[in-house]
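Data first, discussion second: the structure below is written as structure tokens.
What follows is calculated from the coordinates using simple rules that are stated; it is not laboratory data. Given the structure is predicted, the values throughout are model-derived calculations rather than measurements. Cβ coordinates were reconstructed from backbone atoms using ideal geometry, including for glycine residues, and neighbour counts include every protein chain displayed.
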Amino acid sequence: MAASREERFVDPGLDTPVTYFKEVEGRDLLTPERELELGKTIHDGRNEILTKSLVIISRFQEAEDTCRRITDWLEDSHKSPLSVEDVMAEAKDQVSRCCRRLGEKKVDVEQLVRDINRARREVEAAVSEMVEANLRLAVSIAKKYTFRGLSFADLIQEGNIGLMKAVNRYDYRTGYRFSTFASWWIRQTISRAIYDQARTIRIPIHLLELRSKYFRVYYGLLKELGREPTPKEVAEKVGITEDKVKEIINLTLDSTSLETPVGEDGDELGDFIENKDAEDPFSMVGETEMHGHLEAALDSLDGRERRILEMRFGLGDEDEHTLEEVGQVFGLSRERVRQIEKKALQRLRHPQWRTILEDHVGC
């Protein structure tokens, strides 16, 4: 009997069970209407949680202010011409009114807490439904990144992490379909994981992608020609030089961990290899200080401005992205992204930051 599509697809060496694919593909996809409804539930629910949490905080602030007023009144009561009995009666009346107000606030706060818990459950249910309905999207994208150093199970796991990030950042009001938005986050998370985890000695992500393209062309020519293609034939098909082909082939060689034990004294291989690229300690201190100033400057921006600059200029853990790519993430036009970027850069040119940054970069 022929193997099912899932069984043919799963490598026996992978630890992802076939049942996972059956379960994922058995889930219904969301209709555009349901997707919009879930997005609205998540957005409105989170706003309700935030708004009512702030109201609760204000209620406690009001109670604290009331108690402070009573304390101030009692401290000033000794200056009053009233008798001790009159002062005590007035104090009792003040406390009674305060307790009634606090009692009303207690009921109000209890209702707010119930509303927050209800909204939280609704948001969690909507997030769960949206994630589960799009698990197959993460699987389909993960398939395209096989044979790049991570197991398929790890690729799926990273894809699911990217999917959850997308759900948490999706704004249904932009008009974009969720799958379009989520695909970018899934690819970004998987690519970053390959870059960070796939090799002992890290290789730039563009070389890993080029290697994957090389072998797709290689096996295509092997099938087409009926023989092993020459490096020149593959290079012409891929559109690269033969020297680049040699570099790609070298990437396929197994790397040896620098933590490999050597001898019986606890030494490691890396202890015997000179790091010619090691930085001068004073330069490292300077760069650390510079990084701190840059972080402080970016913190002066609002969240969206900072995120856009990070994506546009490859700051932090980000790769550089085009205006269009950034716009897809935020649901903005290219021109609007350009305007926000320009405004953020103008804010960083404020003398407070410009003087500090010029001391380091010499501009």
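Residue by residue, what Karplus-based ³J(HN,Hα) values in Hz, rounded to whole numbers, does the range 176-187 have, using 6.51, -1.76 and 1.60 with θ = phi - 60° and x for Gly and Pro?
6, 5, 4, 4, 5, 5, 5, 4, 5, 5, 5, 4
Using the Cα gyration tensor of the range 121-187, with a ≥ b ≥ c the square roots of its eigenvalues, what is the shape: rounded (a/c below 1.5), prolate (a/b larger than b/c) or oblate (neither)?
Cα axes put the range 121-187 in the prolate bin.
Find out how many positive minus negative residues lie around LYS40, taking Lys and Arg as positive, Asp and Glu as negative, among other residues whose Cβ is under 15 Å from that of LYS40.
Values: positive: ARG34, ARG46, ARG173, ARG177; negative: GLU33, GLU35, GLU37, ASP44, GLU48, GLU122, GLU129, ASP171.
Here the count lands on -4.
Working out 0.36 nm times the residue gap between LYS342 and TRP184, then minus their Cα-Cα distance, what length gain in nm do you get to one decimal?
On the way: separation 158, 0.36 × 158 = 56.88 nm, distance 2.41 nm.
Extra length from LYS342 to TRP184 when fully extended: 54.5 nm.
Can you give the local net charge around GLY159? Use residues other than it whose beta-carbon is closer than 11 angstrom to its beta-carbon, Lys and Arg +1, Asp and Glu -1.
Net charge in that neighbourhood comes out at +3.
Read phi for every residue in the range 124-141 and hand back ³J(HN,Hα) as whole Hz from Karplus 6.51 cos²θ - 1.76 cosθ + 1.60, θ = phi - 60°, with x for Gly and Pro.
Whole-Hz 3J(HN,Hα) from phi for the range 124-141: 4, 5, 5, 4, 4, 5, 5, 5, 5, 6, 10, 4, 5, 5, 4, 5, 5, 6.
If each residue's Cβ is checked for other Cβ atoms within 10 Å, how do HIS206, HIS43 rank with the fewest at the top? Let's see the in-between values first.
Working: HIS206 11, HIS43 16.
Least to most surrounded, the residues fall as HIS206, HIS43.
Determine, for TYR214, TYR219, the number of other Cβ atoms within 10 Å of each Cβ, and report the residues in order from fewest to most. Let's see the in-between values first.
On the way: TYR214 22, TYR219 11.
So the residues, fewest neighbours to most, are TYR219, TYR214.
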